[in-house]
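The values are calculated or read from the model by the stated rules, or taken from the named source; none is laboratory data. Everything numeric here is computed off the predicted structure, so don't read it as measured data. In this analysis, Cβ positions are derived from the backbone assuming ideal geometry, glycine residues included, and neighbour counts consider all displayed protein chains.
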Amino acid sequence: MLMRILPLALATLFMASANADEAEIKKAMEAKLGAKVESVTKSGFLGLYEVYSEGNILYTDEKMTAFVAGGQLIDGKSMKNVTEERMRKLTAIKFAELPMERAIKQVRGNGTRVLATFEDPNCGYCKRLAKDLLKLDNVTVYTFLYPILSEDSIKKSKQIWCATDRTKAWNDWMIEGRVPAGKDDCDTAAITKNQEFGRRLNISGTPTMFFADGERVPGAMPLAKIEQKLSQLK
């Protein structure tokens, strides 16, 4: 009986010790960084701990004698990018919790596949993405106006939101280059709320995309990769 209990007891003790270590490192890291640390996890490599804070991953040893920031941790056996995979998990969201009523909705084909984007009207990569997304079929795209580049971005976002046909106003500007000419004095609280919501999600650049499984993709993504991801989620 003792031989059965002992391994379980040791395992429990080890887990408690590991959790204690992680809790201590979390507290100490918050003091060092002066910022909230979301999680501390053993990376499984070189005795390093993964520290996730304010949308970023950095690594440290248990005594915090050194830090690796801005680098990528690569698995030497599989050559997989460990940091990239972890970021996909740590920054994922619950897609159903996105405030779709504050987005411009476009449906093509049967609209069964879904994608959400946060975009600034003066973002060059967003304009390229807008043209690419037109080539997708059987998709519903929710575009959140997220002006973060300039005051002009805010003005254009408000003009597009105040347009009688928001979808047309958005596509006219992003794809055709026709400057929004409408008023910007309607209820534009949605844009302000999008900005606040985006900051809470640590969205610091545009475009930022979210797929139905909650995966976040910051920056430009080739159309073929978008199509591949959407197909995987059917």
> Do you know which residues across region 31-45 are of a type in the set (A, V, I, L, M, F, W, C), buried (at least 16 other Cβ atoms within 10 Å of the Cβ) and in a loop (DSSP other than H, G, I, E, B)?
Replying inline: Val37
> Among the numbered criteria (1) within 17 Å of Phe118 (Cβ to Cβ); (2) surrounded by 14 or more Cβ atoms within 10 Å (Cβ to Cβ); (3) modelled with pLDDT under 95, which single criterion is violated by Arg200?
Replying inline: (2)
> Of all residues in region 57-80 being within 26 Å of Arg200 (Cβ to Cβ) and either of a type in the set (Gly, Ala, Ser) or assigned by TED's automatic domain parsing to the domain that holds Ile203 (or both), which is nearest to the chain's Cα centre (by Cα)?
Replying inline: Gly70
>> Could you check region 174-197 and list, in sequence order, the residues that are surrounded by 17 or more Cβ atoms within 10 Å (Cβ to Cβ), over 15 Å from Arg102 (Cβ atoms) and modelled with pLDDT of 95 or more?
In response: Met174
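Every residue, every condition in (1) in a helix (DSSP H, G or I); (2) of a type in the set (Phe, Trp, Tyr); (3) modelled with pLDDT of 85 or more, yes or no:
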position: Ala11; (1), (2), (3): yes, no, no
position: Glu22; (1), (2), (3): yes, no, yes
position: Gly47; (1), (2), (3): no, no, yes
position: Tyr52; (1), (2), (3): no, yes, yes
> Of all residues in region 145-157, which are among the aliphatic types (A, V, I, L, M) and in a loop (DSSP other than H, G, I, E, B)?
Replying inline: Ile148, Leu149
>> Could you go through region 92-113 and let me know if any residue there is under 17 Å from Leu233 (Cα atoms), touching a residue at least 60 places away in the same chain (Cβ under 8 Å) and touching a helix residue (DSSP H, G or I) at 6+ places or on another chain (Cβ under 7 Å).
In response: yes
> Under the condition of being part of a loop (DSSP other than H, G, I, E, B) and among the aliphatic types (A, V, I, L, M), which residue from region 158-188 is farthest from the chain's Cα centre (by Cα)?
Replying inline: Ala181
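If the requirement is being closer than 14 Å to Leu201 by Cβ and either under 20 Å from the mean Cα position of the chain (by Cα) or in the same structural domain as Leu115 (by TED's automatic domain parsing) (or both), which of these qualifies: Glu54, Glu50, Glu101, Glu85?
Numbers: Glu50 fails: closer than 14 Å to Leu201 by Cβ; Glu101 fails: closer than 14 Å to Leu201 by Cβ; Glu85 fails: closer than 14 Å to Leu201 by Cβ.
On inspection, the qualifying residue turns out to be Glu54.
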> Which of the residues belonging to region 127-144 are buried (at least 19 other Cβ atoms within 10 Å of the Cβ) and part of a helix (DSSP H, G or I)?
Replying inline: Leu129, Ala130, Leu133
> Between residues in region 175-189 that are touching a residue at least 24 places away in the same chain (Cβ under 8 Å) and residues that are surrounded by 10 or more Cβ atoms within 10 Å (Cβ to Cβ) and among the aliphatic types (A, V, I, L, M), which pairs lie under 6 Å by C-beta distance while being six or more apart or on different chains?
Replying inline: Ile175/Ala130; Pro180/Ile160; Pro180/Ala169
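Going by what's in this entry, would Asp152 be described as touching a residue at least 24 places away in the same chain (Cβ under 8 Å), touching a Cys at 6+ places or on another chain (Cβ under 9 Å) and not basic (Lys, Arg)? Outline the logic, then answer.
Values: touching a residue at least 24 places away in the same chain (Cβ under 8 Å): yes; touching a Cys at 6+ places or on another chain (Cβ under 9 Å): no; not basic (Lys, Arg): yes.
No: the conditions fail for Asp152.
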>> Among the residues that make up region 161-173, is at least one of them surrounded by 13 or more Cβ atoms within 10 Å (Cβ to Cβ) and closer than 26 Å to Gly55 by Cβ?
In response: no
> Take the residues of region 86-101 that are at pLDDT below 90 and not hydroxyl-bearing (Ser, Thr, Tyr): which is surrounded by the most Cβ atoms within 10 Å (Cβ to Cβ)?
Replying inline: Met87
> What number goes with the only condition from (1) closer than 21 Å to Ala212 by Cβ; (2) part of a helix (DSSP H, G or I); (3) modelled with pLDDT under 95 that Thr83 does not pass?
Replying inline: (1)
